[in-house]
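Chemist: First the structure, then my questions, so here it is.
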Amino acid sequence: IPAALIAGLAWRINERYRLIGSIVCGLLAAVVILLIGTLGAAIFLQVSWGTALVTGLFPFILIEPGKVLLAASLNKLGRE
């Protein structure tokens, strides 16, 4: 829910800056999701923080920016 709120803030940005705003809000939302997922892995699976980072954060760090850029680009393309 917090990530959806952050990602939704991009719709309140002026149309001229909405692509950049969508990218920034999307990246912030992705950070929130990854941090909550890593925290959940550490707590619920009862593993060390190092193991939680290796399994819950590191595999997704390079993927998330690409997904955010793709989503923001498709969003802009769909509005034109």
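The values are calculated or read from the model by the stated rules, or taken from the named source; none is laboratory data. Please read these numbers as outputs of a predicted model, since none were measured by experiment. Neighbour counts run over all protein chains shown; Cβ positions are idealised from the backbone, glycine included. We work out accessible area using only protein heavy atoms, side chains counted, and drop any ligands, DNA or RNA first. Shrake-Rupley method; radii C 1.70, N 1.55, O 1.52, S 1.80 Å.
Chemist: For the chain, what percent of Cα pairs sit more than 18 Å apart?
Modeler: That tail contains 47 percent of the Cα-Cα pairs.
Chemist: Can you tell me the length gained on complete extension of the stretch L69 to S48, counting 0.36 nm per residue apart and subtracting the Cα distance?
Modeler: Result for the pair: 4.4 nm of gain on full extension.
Chemist: Taking the 0 to 90 degree range and rounding to the nearest ten, how far is the long axis of helix 18-44 tilted relative to the main principal axis of the chain, both from C-alpha atoms?
Modeler: Tilt of helix 18-44: around 10 degrees.
Chemist: Another question, if that's okay. Pull out the extension gain between F60 and V31, defined as 0.36 nm times the separation in residues minus the alpha carbon to alpha carbon distance; nm, one decimal.
Modeler: Extra length available between F60 and V31 comes to 9.4 nm.
Chemist: Next up: Using a ≥ b ≥ c from the Cα gyration tensor of region 35-77 (square roots of the eigenvalues), is it rounded, prolate or oblate, where a/c under 1.5 gives rounded and otherwise the larger of a/b and b/c decides, a/b for prolate?
Modeler: prolate
Chemist: So, by mean Cβ neighbours within 10 angstrom, what's the order for 29-38, 5-14 with the highest one leading?
Modeler: Packing order, densest peptide first, comes out as 29-38, 5-14.
Chemist: Where the accessible area of region 1-44 is counted over protein heavy atoms with a 1.4 Å probe, how much of it, in %, is carbon and sulfur?
Modeler: 77
Chemist: Can you give me the solvent accessible area of I61 with a 1.4 Å probe, rounded to the nearest 10 Å²?
Modeler: The accessible area comes out at roughly 80 Å².
Chemist: State in Å² the accessible area per residue of the chain; use a 1.4 Å probe, count heavy atoms of protein chains only, and round to the nearest integer.
Modeler: For the chain, the solvent-accessible area averages 71 Å² per residue.
Chemist: Along the charge dipole of the chain, Cβ charges K/R +1 and D/E -1, which of I33, S73, L45 sits furthest on the positive end?
Modeler: Going by the Cα projections, it comes out as S73.
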